[in-house]
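Quick notes on the structure that follows.
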Amino acid sequence: MADERAGPAPEEWRFPNRATPPGSSTYYSLRFAPRDLRDDLAVLAAWRHQLRAIPDRVSDSGVARLKLQWWREELELTFTDTPHHPLSRVLQSVIARHGLPRAPFGDMADQVEVEILRRQFGTVADLDTACERDLGAFFELVARCHGRTGADSLGAARRLGGFCAQVYRIRDSGLLARHGRALLPDERLNALGLSSAALTRRKHRNRLPELLAPVADRVRSRIAAPDGPAGLPVCLRVRVRLSASLLDELQNAGYDVAEQRIGLTPLRKLWLAWRESWQW
């Protein structure tokens, strides 16, 4: 995996970078973070982006696991020695500056492996856990960079990151279904006489609206909990607001995502982000 050692200069990981491009939800959320934190948060987003790209870009699971293992070894060096990749070296400084723990990074890497192996979700609880180990772990790191260290704050960050991840899964359901990737828990699919393999066929994918509507209702309830986004840093509140608005947009479209990708326009995202930044 020596080719992974080459890469852009460290400056290229600053905000905005390839993981936080203008127009994206990540961009608009970090744009409302304190100026002195934006580069550090963009580095965290870039690290997650590198891992999340593996199952999307590498079709061979064996090769994908090798690439993921290389990044895991890089993470070990980032915490204990001198890493090789320019991103890892910048990340090392971010970790030291904010006293970030290793566990959330490991959670994100573990979830990528689950997706590489195409493991299915057995229950709704399994899906919740998977989403909180991915974007929820990233939210935790962002909260820690803002000085949030209390168990309640970090737990809320994890849960709301999981909410955003589940909204994105609903949005991307058509794509996930076409590629036979984990979409809904087996207990839900089996009750309807379906499977992830069945959803690769168009006639079954056309049932996605009826499958997703109750899922969306349950996901929406996660931001109505007492430990909602109010106590989180503004950039995370913005991200939650954008995801909630995306979920509304998906509902208005009847969850017609089998063959199309529905999203918010950059102008709409900017307006929502600005409004949320003035709410508290």
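What follows is calculated from the coordinates using simple rules that are stated; it is not laboratory data. Computed from a predicted structure; not experimentally measured. So basically every Cβ, Gly included, is an ideal-geometry build from the backbone, and we count neighbours across all protein chains shown.
Among residues other than E12 whose Cβ falls under 12 Å from its Cβ, what is the net charge (Lys/Arg +1, Asp/Glu -1)?
My count for the surroundings of E12 gives 0.
In Å and whole numbers, how far do the C-alpha atoms of the chain stretch along each principal axis, longest first?
52, 47, 34
Taking a point 7 angstrom from the Cα of E210 along the C-beta vector, which residues in the stretch 241-259 have backbone N less than 17 Å away?
Only 254-258 pass the distance filter.
Can you check what the Kirkwood hydrodynamic radius comes to for the stretch 104-196, Cα pairs only, in Å to one decimal?
The answer is 13.8 Å.
Which order do peptides 17-26, 106-115 fall in by mean Cβ count within 10 Å, highest first?
Averaged packing, sorted descending, gives the order 106-115, 17-26.
Could you tell me the calculated FRET efficiency between D256 and T129, based on Cβ-Cβ distance and R0 = 30 angstrom, to the nearest 0.05?
Approximately 0.60, to the nearest 0.05.
On the principal axes of its Cα set, how long, how wide and how thick is the stretch 52-173? Give whole Å, largest value first.
Rounded to whole Å, the extents work out to 38, 37, 20 Å.
Going through the stretch 198-280, which GluC sites (Glu not before Pro) have at most 16 other Cβ atoms within 10 Å and a DSSP loop state?
E259
What are the trypsin sites (Lys or Arg not before Pro) within the stretch 125-175 that DSSP puts in a loop, where the Cβ has at most 15 other Cβ atoms within 10 Å?
Answer by residue number: there is no such site.
Which whole-Hz ³J(HN,Hα) couplings does the stretch 52-63 yield from phi under the Karplus relation 6.51 cos²θ - 1.76 cosθ + 1.60, θ = phi - 60°, glycine and proline marked x?
Here the 3J(HN,Hα) series is 5, 6, 4, x, 7, 9, 10, 7, 7, 5, x, 5 Hz.
Could you calculate the contour length gain from Q279 to S61, that is, 0.36 nm times the residue separation minus the distance between their Cα atoms, to one decimal place in nm?
That pair, Q279 and S61, stretches by 74.0 nm at full extension.
Starting from the stretch 177-280, pick out the trypsin sites (Lys or Arg not before Pro) whose DSSP state is loop and whose Cβ has at most 11 other Cβ atoms within 10 Å.
Loop-located and lightly packed - R201, R261.
Just to confirm a number: summing +1 for Lys and Arg and -1 for Asp and Glu over residues other than V112 whose beta-carbon lies under 14 angstrom from that of V112, what do you get?
That sum, taken over residues with Cβ under 14 Å, equals +3.
Please give the net charge around H179, taking every other residue with its beta carbon less than 12 angstrom from that of H179, where Lys and Arg add +1 and Asp and Glu add -1.
Neighbourhood net charge equals +1.
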